[in-house]
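K.L.:
Have a look at the structure that comes next, please.
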Amino acid sequence: KQEVTQIPAALSVPEGENLVLNCSFTDSAIYNLQWFRQDPGKGLTSLLLIQSSQREQTSGRLNASLDKSSGRSTLYIAASQPGDSATYLCAVENYGQNFVFGPGTRLSVLP
Amino acid sequence: SAVISQKPSRDICQRGTSLTIQCQVDSQVTMMFWYRQQPGQSLTLIATANQGSEATYESGFVIDKFPISRPNLTFSTLTVSNMSPEDSSIYLCSVVGLAGEGYNEQFFGPGTRLTVL
């Protein structure tokens, strides 16, 4: 059974810092991995999707990497801003389109 | 990307009643899902809504409690039946649409915040 964990559970940084969020999964036979952002009381916004054949994806200040063999993904946020404050979730899609979510990392960027 | 709407956005219900949540997508999608997010928790998949047939439920979720309909490729409903306070959660629908090159990106609706008294 696929299990997804995220470290750290919470993170507080001053504005302008670069930071890394970590996601680990137990079964490397995944179809893709997706990073989401969730603002308090809101739905999810897709940030980046990495196919199983890819190593990384970039969008603006965000860069996500994927190492399937070790069961890890990282989300790198450059030059963090207070508007980046949210919960970040990673989700893996197993073959058969079964999606499993991690518990999330709650990020606070202080002005 | 797909645009997904949910109704209602929030509701407060009495114990023992039922609530039907609607999910509408602005384009045809192959897969639709329903998730639950309990307070302070991550998302848990309830079921896959299948067009024209019975939904596929995950372990711990049953049709009598969470009946699901999907009459076409753009619309689905989730009913939370005989509610108890433990059903207080955010309920989200999501879709997987073709994103080119054979991979599927998942998009979520804004969620329905349910409080059961």
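Computed from the coordinates by the stated procedures, all read-outs in this text should not be read as laboratory data. What you see is a predicted model, and the numbers here were worked out from it, not measured in a lab. Note: ideal-geometry Cβ built from the backbone for every residue, glycine included; neighbour counts use all protein chains shown.
K.L.:
Calculate the FRET efficiency for A:Asp39 and B:Thr17 from the Cβ-Cβ distance with a Förster distance of 25 Å, rounded to the nearest 0.05.
P.N.:
E(calc), rounded to 0.05, equals 0.30.
K.L.:
Read phi for every residue in region B:3-14 and hand back ³J(HN,Hα) as whole Hz from Karplus 6.51 cos²θ - 1.76 cosθ + 1.60, θ = phi - 60°, with x for Gly and Pro.
P.N.:
Ordered by residue, 3J(HN,Hα) equals 9, 10, 10, 10, 9, x, 7, 7, 7, 10, 10, 8 Hz.
K.L.:
State, as an integer percentage, the relative contact order of chain B based on alpha-carbon contacts under 8 Å between residues 6 or more apart.
P.N.:
Over chain B, the number comes to 36 percent.
K.L.:
Any idea how far the Cα center of region B:1-68 sits from the one of region A:27-70, in Å?
P.N.:
Centre-to-centre distance over Cα atoms comes out at 23 Å.
K.L.:
Length gain on complete extension for the stretch A:Ala9 to A:Tyr95, per 0.36 nm per residue less the alpha carbon to alpha carbon distance?
P.N.:
28.2 nm
K.L.:
A:Lys1: net charge of surrounding residues, Cβ under 13 Å, Lys/Arg +1, Asp/Glu -1, itself excluded?
P.N.:
Neighbourhood net charge equals -3.
K.L.:
Then there is this: What ³J(HN,Hα) values, in whole Hz, does the Karplus curve 6.51 cos²θ - 1.76 cosθ + 1.60 give for region A:40-54 when θ = phi - 60°, with x put for Gly and Pro?
P.N.:
My calculation for region A:40-54 gives x, x, 10, x, 9, 10, 6, 9, 8, 10, 10, 6, 4, 8, 9 Hz in order.
K.L.:
While we're looking at this one, here's another question. Within 12 Å, Cβ to Cβ, of B:Leu45, how many net charges do the neighbouring residues add up to if Lys/Arg are +1 and Asp/Glu are -1?
P.N.:
Combined, the nearby Lys, Arg, Asp and Glu give -1.
K.L.:
Give the range of the longest stretch in chain A that excludes all trypsin sites (Lys or Arg not before Pro) found in loop regions by DSSP and having at most 13 other beta-carbon atoms within 10 Å.
P.N.:
By the stated rule (loop sites, at most 13 other Cβ atoms within 10 Å), A:2-54.
K.L.:
Where a ≥ b ≥ c are the square roots of the eigenvalues of the C-alpha gyration tensor, would you call region A:28-107 rounded, which needs a/c under 1.5, or, failing that, prolate if a/b is larger than b/c, or oblate?
P.N.:
Oblate, since a/c reaches 1.5 and b/c is not below a/b.
K.L.:
List the lysines whose alpha-carbon lies under 17 Å from that of A:Lys42, not counting same-chain residues fewer than 8 positions away?
P.N.:
Of all the lysines, those that pass the test against A:Lys42 - Cα under 17 Å, at least 8 places apart if same chain - are B:Lys7.
K.L.:
Beyond 18 Å, what percent of the Cα pairs of region B:25-117 remain?
P.N.:
45 percent
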